[in-house]
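The block underneath contains the structure these notes are about, expressed in structure tokens.
The values are calculated or read from the model by the stated rules, or taken from the named source; none is laboratory data. What you see is a predicted model; the values in this text were computed from it and never measured. Every residue, glycine among them, receives a Cβ derived from its backbone with ideal geometry; neighbour counts consider all protein chains shown. Quick note on the areas: whole protein, heavy atoms, side chains included, nothing else; ligands and nucleic acids left out. Shrake-Rupley method; radii C 1.70, N 1.55, O 1.52, S 1.80 Å.
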Amino acid sequence: MIGMNKILIFIILTNLNFMNESQKSHETAIFAGGCFWCTEAIFKEMKGVESVVPGYTGGKRPNPTYEQVTTGATGHAEAVKIVFDPSEISYEELLQVFFATHDPTTLNRQGNDVGTQYRSTVFYTNDKQKALAEAYIKFLNDSNVFDQYIVTEVVPAQTFYEAEDYHKNYLANNPDNPYCQYVVLPKLEKFRKLFKNKLKNE
């Protein structure tokens, strides 16, 4: 993982004046970056984000269950589908938060969560998202923001299967869960400190 100073440098480097070219009222982004309890909690607090749904994608088994995905045998990754308003937040800004709030240099792993279901992936929904994600990764690698090379996949979006209801809004519904206390909340607090200007109601 990168340290706090590295992350601060990362934000300064990537704090660009992104332009929203799309005229759509909303767009969809799909990211996988470890346990979806973490990614859901982070993106739900971003301004311009209308909804965040945890689920499974990138594999071959139809309608997988959580128990099946956790075996690593389905090929699916834990992911989140984000619906956002491009007039309030850009896809580039979502990428910025995504790469700053997980470790994109560890293959099939986030902390103690190990397996292909925890891989780092951008599932693009159109050619523009693909180009932006690839350019952003190149920028981060060329800038040596991370100590190691980024292993994040950039692949076409596939069928997204919503997770079971008990996974939705997991942190809010399970604040005393040990995983939430020791993994989700620290990530969320780091996000809140680093991206104050991207929080709702700020």
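A few comments on the model shown:
- Subset of the range 31-69 [surrounded by 16 or more Cβ atoms within 10 Å (Cβ to Cβ) and in a loop (DSSP other than H, G, I, E, B)]: 34, 35, 44, 45, 47, 48, 58, 59, 64
- Flag for residue 85 being closer than 20 Å to residue 40 by Cβ, touching a residue at least 60 places away in the same chain (Cβ under 8 Å), open to solvent by less than 20 Å² (accessible area, probe 1.4 Å) and not polar (S, T, N, Q): no
- Check on residue 8, at pLDDT below 95 and either open to solvent by 20 Å² or more (accessible area, probe 1.4 Å) or basic (Lys, Arg) (or both): yes
- Residue within the range 21-30 that is open to solvent by less than 40 Å² (accessible area, probe 1.4 Å), in contact (Cβ under 8 Å) with a residue 24 or more places away in the chain and in a helix (DSSP H, G or I) present: no
- Residues that are free of Cβ contacts under 8 Å to residues at least 60 places away in the same chain and not in a loop (DSSP other than H, G, I, E, B), drawn from the range 137-171: 137, 138, 141, 142, 153, 154, 156, 165, 166
- Residue 82 being at pLDDT 95 or above and part of a strand (DSSP E or B): yes
- Residue 161 vs. criteria open to solvent by less than 30 Å² (accessible area, probe 1.4 Å), among the hydroxyl-bearing types (Ser, Thr, Tyr) and under 17 Å from the mean Cα position of the chain (by Cα): no
- Just one of the listed residues (94, 107) is open to solvent by 30 Å² or more (accessible area, probe 1.4 Å), modelled with pLDDT of 95 or more and of a type outside the set (Gly, Ala, Ser), and it is 107.
- Filtered residues of the range 175-202 (kept if over 22 Å from residue 100 (Cβ atoms) and open to solvent by less than 50 Å² (accessible area, probe 1.4 Å)): 177
- Of all residues in the range 117-147 being within 15 Å of residue 101 (Cβ to Cβ) and of a type outside the set (Ser, Thr, Tyr), the one that is surrounded by the fewest Cβ atoms within 10 Å (Cβ to Cβ): 146
- Total residues in the range 153-171, condition closer than 14 Å to residue 62 by Cα and of a type in the set (A, V, I, L, M, F, W, C): 2
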